[in-house]
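Scroll down for the structure; my scribbles are underneath it.
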Amino acid sequence: MSQLSPNLTIAALSIFVLLLIGMVLKSRTSSDNLRSYAVGSVRFSPITVALALASSLTSAATFIINPGFISLYGLGAYLAFGVVMPLAIFIALVFLMKKFRKYGVHVGSLSIADWLGKRFSSPFLQKMFGALSVLLITFIVLICVGITKVISKAIDANELYVLIGLVIVVFTYIMLGGANSLVYTNSIQAVVMVIVAGVMLYSGAGDVFASGEANLFHQLSAVDPKLVMPFNDTSPLFRDFFEVVVCNALIGIAIVCQPHILTKSLMLKEDHEVNRFLVYSILLLVLFFSVVFVGFYARAYFPDLMFEGEPLQMDGIIPAFVVSKFSAYVSLLLIIGLIAAGLSTLEGLIQSLPTSITNDLLLPLMGRDTDHSSAMKINRIIGVLIAIVVVYLSWQQLTSPNLSVAIFAQNGVYAFFSAAFVPVFYGIFTKVQNKLIPVVGTLTALGVYYSVYYLELTPYMEGATTKNPAIASALALIISFLVSGVIYISLRVAEKKDSIPEVVEDLGKSAS
């Protein structure tokens, strides 16, 4: 067990934060308006943006929270979060990024809501998604809880004080910097994450390839045979093929439809850089998503899920594993890496969420545009209000989570990208201009999602203590896609019928 000094940890974390703040201050002068704040004004290389994207997509959820699911529920959780969802994300990145960028660069979009509003010439759609972006606060809460767990465990401090300090520091330096500083800080964090991912995966590799009773999966089978089965019927989230494969495949595709993900492509100034950016991004993401496998190591290390005589909550398994398994200096490196994993996505959300609320909801309601002199002031006020809400909700999740903060976060994030998928899909892959399709698709997805979840529709939800948001999201995606498809086909058929008389008339004129 490591004897990690709290003072040494505080000193190392202070140096790390000062480094990030220094980079923010260096790039601050470039973010003097909402447009440069949102998408940047500096020319970034493909590898730099790839580092930013990979670190944004793999947050505290991937490095801290999701490995806890694997520790509790085994192979089914790993297949969901370590295999199916990443593969779906890679496919979605390749197919969605280029198309989104092509139109986003042309019209100068700052956010998903802005992009949708301009693509369908619909101020209503822009305002609706500006309002819906509030759901992403739940993901900010997840990351704050994960980082707070790591820091408080490492320095033996009160979680509330750590949480408040974390929110004040990170919200402040991101609101000062914007997209330019975000890419720089994400790049540093991604490099640290690469090192940490390698160390954590290597730490238990010997047990994976060992023979006999020393083999990792033999150890896990002795703890609970269900840990090595592809489906775990005693879990609330990984009970069968539909939950593990179908739900997570659909979510992996739709998850790319988040503002801090797709808008990364707008930071590239040249189209020919996009392919290299995607290759670098996917290679990094393969490594980062592999970190969830560490959940198996942690369960073998804590077979009874006890730490220092206390039962481990799911969100605390990986922090406890890091501070107890490794030597002091390695633990310190891993702690910084876990924090970097959380900060990378947290920064992106802090930058994109107030921007979307300001640019897509408040400014249009006030009759002002992006370049108005008050835009940045409003943006920062919104950032402060979000910070206050985040502290309140995060403290609730630290003190009384429903299994994990991940369930709370998924209930907001999954609802958002379920609602966004149909509009983004039709905006990218069709030339349709009819506003009915994206609006009905969005409203259908929201209606299905919250009906399934809160009215406990389907056998998966009935009487469940912990309900699976992935079920609600998958059904919302399927039904909204089918409904929008029917409308799309109906409109195409109607257009063809209307065009028949014109064709006959033209043929008549030609014949005469």
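The values are calculated or read from the model by the stated rules, or taken from the named source; none is laboratory data. Just so it is clear, the structure is predicted and the values come from calculations on it, not from any experiment. Every residue, glycine as well, gets a Cβ built from its backbone with ideal geometry; the counts of neighbours run over all protein chains shown.
Just one of the listed residues (Thr430, Thr458, Thr466) is at pLDDT below 90, more than 22 Å from the chain's Cα centre (by Cα) and among the polar types (S, T, N, Q), namely Thr430. Of the helices (runs of 4 or more DSSP H) lying entirely inside region 215-328, those carrying at least 2 residues that are out of contact with any strand residue (DSSP E or B) (no Cβ under 6 Å at 6 or more places or on another chain) and closer than 30 Å to Phe429 by Cβ are 247-254, 259-262, 274-289. If I filter region 153-170 for residues that are surrounded by 16 or more Cβ atoms within 10 Å (Cβ to Cβ), closer than 30 Å to Val228 by Cα and modelled with pLDDT under 90, do I get at least one hit? So far as region 153-170 goes, yes, one or more of its residues are surrounded by 16 or more Cβ atoms within 10 Å (Cβ to Cβ), closer than 30 Å to Val228 by Cα and modelled with pLDDT under 90.
Within region 326-347, residues that are in contact (Cβ under 8 Å) with a residue 24 or more places away in the chain and under 19 Å from Leu284 (Cβ atoms) have Cβ atoms under 8 Å from residues that are hydroxyl-bearing (Ser, Thr, Tyr) and not in a helix (DSSP H, G or I) in these pairs: Ala341/Thr58; Ala341/Ser59; Gly342/Ser59; Ser344/Thr58; Ser344/Ser59; Thr345/Thr58; Thr345/Ser59; Leu346/Ser59, counting only partners at least 6 apart in sequence or on another chain.
Just give me the residues in region 360-378 being at pLDDT below 85 and under 23 Å from Ile261 (Cβ atoms), in sequence order. The answer is Thr370, and nothing else. Gly427 meets the conditions (1) in contact (Cβ under 8 Å) with a residue 12 or more places away in the chain; (2) under 30 Å from Pro319 (Cα atoms) in every case but one. The failed one is (2). Only one entry of Leu446, Leu491, Leu482, Leu477 meets the criterion of being in a helix (DSSP H, G or I) and modelled with pLDDT under 90, and that entry is Leu491.
Residue count for region 380-415 satisfying the condition of being of a type outside the set (D, E, K, R), closer than 26 Å to Tyr161 by Cα and in contact (Cβ under 8 Å) with a residue 12 or more places away in the chain: 24.
Restricting region 364-379 to residues that are in a helix (DSSP H, G or I) and touching a residue at least 12 places away in the same chain (Cβ under 8 Å), the residue that is surrounded by the most Cβ atoms within 10 Å (Cβ to Cβ) is Asn379.
For Pro46, the criteria (1) at pLDDT 95 or above; (2) surrounded by fewer than 24 Cβ atoms within 10 Å (Cβ to Cβ) hold in every case but one, which is (1). Considering only region 70-118, state which residues are more than 21 Å from Val422 (Cβ to Cβ), modelled with pLDDT under 75 and surrounded by fewer than 22 Cβ atoms within 10 Å (Cβ to Cβ). Once the filter is applied, which keeps residues that are more than 21 Å from Val422 (Cβ to Cβ), modelled with pLDDT under 75 and surrounded by fewer than 22 Cβ atoms within 10 Å (Cβ to Cβ), region 70-118 yields Val105, His106, Gly108. Is it the case, given these coordinates, that Gly198 is touching a residue at least 60 places away in the same chain (Cβ under 8 Å), closer than 15 Å to Gly82 by Cβ and surrounded by fewer than 22 Cβ atoms within 10 Å (Cβ to Cβ)? The answer is no for Gly198.
Please tell me if Val223 is closer than 26 Å to Leu338 by Cβ, more than 30 Å from the chain's Cα centre (by Cα) and surrounded by fewer than 19 Cβ atoms within 10 Å (Cβ to Cβ). Taking the combined requirement at face value, the residue satisfies it. Of all residues in region 380-423, exactly one satisfies the criterion of being out of contact with any helix residue (DSSP H, G or I) (no Cβ under 8 Å at 6 or more places or on another chain) and either at positive phi or part of a loop (DSSP other than H, G, I, E, B) (or both), namely Ser400.
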